Structures are given as structure tokens and as C-alpha cells.
Amino acid sequence: MIYVFHLLDKPDAAALRQRVRPKHKAYLAAVADRIAFAGPLTHDDGVTMIGSLLAIDFDSRDAAYAWLAGEPFTRAGLYASTEIHAFVNLWPQRA
């Protein structure tokens, strides 16, 4: 099942995000074959990062929560809020 992670940063956390980002990207690389899509949420300027949106295949919700608990941004305390939802992809990717 694909789980969507909607993760919003704490205010004024840009420096923390940039410092931890290489570890975050390496952590994602370990599950790259199961990622449906992933990327930063941004302000309307398309540059200023304010969170993350990830869609990753996991065997269970518990596995998704366990993965998030070990995620470097989570461990660094970057996120103000986290949500995980089951997701059914009904449309093929075009972009």
C-alpha cells in the first residue's frame, strides 16, 4: 500500500532543513525503488521549502510510521506536524 506523508516544517527551520538534507536524501535513496513521488513543499515562490510530501510503498501503516520515526528530518526535530494517509494511485504519472 502506498502511504502519503504530509510533513510541515517548524517556523524558521530553513537552516536546520539545509543542514540535515543530505542525510534525508540518503535515507530516501534506501527506499527509492518504492517511492511513487517525493519532494519538498514550498511557498508560492517555488523555492522556499516549508515541508515535505512523500508517497512511498510500505507493507503496513506500522512500517510507514517506523520509517518516519527513523527519518533524519524527524530525528532532527524539523517537523511541526506529520500526517500519514493510505493512498490509491488511480492515475498514471505524467510529470
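The values are calculated or read from the model by the stated rules, or taken from the named source; none is laboratory data. Bear in mind the structure is a predicted one, so any value in this text is a computation, not a measurement. Every residue, glycine as well, gets a Cβ built from its backbone with ideal geometry; the counts of neighbours run over all protein chains shown. Quick note on the areas: whole protein, heavy atoms, side chains included, nothing else; ligands and nucleic acids left out. Shrake-Rupley method; radii C 1.70, N 1.55, O 1.52, S 1.80 Å.
Among the residues in the stretch 1-15, are any open to solvent by less than 40 Å² (accessible area, probe 1.4 Å) and over 14 Å from the mean Cα position of the chain (by Cα)?
Scanning the stretch 1-15 turns up at least one residue that is open to solvent by less than 40 Å² (accessible area, probe 1.4 Å) and over 14 Å from the mean Cα position of the chain (by Cα).
Looking at this structure, is residue 74 in a helix (DSSP H, G or I), surrounded by 16 or more Cβ atoms within 10 Å (Cβ to Cβ) and in contact with a Leu (Cβ under 7 Å, 6 or more places away or on another chain)?
yes
What pairs come out if I take residues in the stretch 37-48 that are touching a residue at least 24 places away in the same chain (Cβ under 8 Å) and pair them with residues that are not hydrophobic (A, V, I, L, M, F, W, C) whose C-beta lies under 7 Å away, six or more apart or interchain?
From residues that are touching a residue at least 24 places away in the same chain (Cβ under 8 Å), the pairs are 41/51; 41/52; 48/42.
Just give me the residues in the stretch 20-33 being surrounded by fewer than 13 Cβ atoms within 10 Å (Cβ to Cβ) and outside any loop (DSSP other than H, G, I, E, B), in sequence order. Please lay out each step first, then the result.
If we filter the stretch 20-33 for residues that are surrounded by fewer than 13 Cβ atoms within 10 Å (Cβ to Cβ), which is where we start, we get 22, 25-26, 29-30, 32-33.
Of everything in the stretch 20-33, those that are surrounded by fewer than 13 Cβ atoms within 10 Å (Cβ to Cβ) and outside any loop (DSSP other than H, G, I, E, B) turn out to be 22, 25, 26, 29, 32, 33.
Quick check on my filter: what residues within the stretch 37-59 are over 18 Å from residue 16 (Cβ atoms), open to solvent by 30 Å² or more (accessible area, probe 1.4 Å) and out of contact with any helix residue (DSSP H, G or I) (no Cβ under 9 Å at 6 or more places or on another chain)?
Selection gives 37, 44, 45, 46, 53, 59.
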